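Every read-out reported here was derived from the displayed coordinates using simple, explicitly stated rules and does not represent laboratory data. If you're wondering where the values come from, they're calculated on a predicted model, not measured in any experiment. Cβ sites come from the backbone with ideal geometry, for glycine too, and all protein chains shown count toward neighbours.
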Amino acid sequence: MQTFLRRIYAFACLNHCILIYPVYAILFQESGLSSIQVTSLFMLWSAVTVVFEVPTGVLADKYKRRNILVFAQLLKGGCFLCWLASKTYFAFGVGFFLWGISSTLMSGTFESFVYDELKHCGKEESFKNVVSRIRASSFIGITIAVLLGGIIAEYGYDSALIPSSIVPFLNILVLFSIPSVAPMCSTGERAYFR
């Protein structure tokens, strides 16, 4: 159980340790995008998240949750690879679309994945404590990204984008190091379509 928890906390930390976080709005502007274009990118990201939240939740009830989380990390890595390949409005839009889908796939699925393992081990009563530690691990990842992202971006945005592109793939390795258990609970979205 302790190995599982360490890996889950590492996953949560890495998931938010994206060095481009503190500077991507500046990257957009310095790539020649207008304020309206930057705003429209954030609107696209939000719209994708809202539109796909429930449909992607259904996937977590139908397929192995670890596989959904792996796919989410692939999409997130794809976002930053798009931005690395081309710094155009279109590439940023495609990236945000991928990142939005990734976020919806992660939403609910990750906590359900954790709950399934805890229930499998008879430790479901510790779920709230584990989720609190997951949030703390996420905060540590964000803090590292904010502290280092701006400094590293001083050497060029690609210096922040390259590690940002690699981190989701490292997270896939973390996920594959965790044994997958059968789902014990529903994310609740399946009932939405009835």
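Here are some notes:
- Note on residue 123: aspartates and glutamates with a C-alpha under 20 Å away, same-chain residues under 8 apart excluded, are 111.
- Phi-based couplings in Hz for the range 16-26 (Karplus 6.51, -1.76, 1.60; Gly and Pro marked x): 10, 8, 10, 5, 7, 3, x, 10, 5, 5, 5
- Partners for residue 76 among lysines (Cα-Cα distance below 24 Å; same-chain residues under 8 apart left out): 62, 64, 87
- Gained length - residue 37 relative to residue 126, 0.36 nm times residue gap less alpha-carbon distance: 27.6 nm
- When the chain is treated as a Gaussian network with alpha carbon springs shorter than 10 Å, the biggest mean-square fluctuation among 180, 164, 103 belongs to 180.
- With a cut-off of 14 Å between beta carbons, the residues surrounding residue 126 carry a summed charge of -1, where Lys and Arg count +1 and Asp and Glu -1.
- Whole-number D in µm²/s for the chain (Stokes-Einstein; Kirkwood sum over Cα pairs; 10 °C, 1.306 mPa s): 91 µm²/s
- Difference of contour (0.36 nm per residue) and Cα-Cα distance, residue 25 to residue 54: 7.6 nm
- A cut-off under 15 angstrom between Cβ atoms defines the neighbours of residue 3, and their net charge, with Lys, Arg +1 and Asp, Glu -1, is +3.
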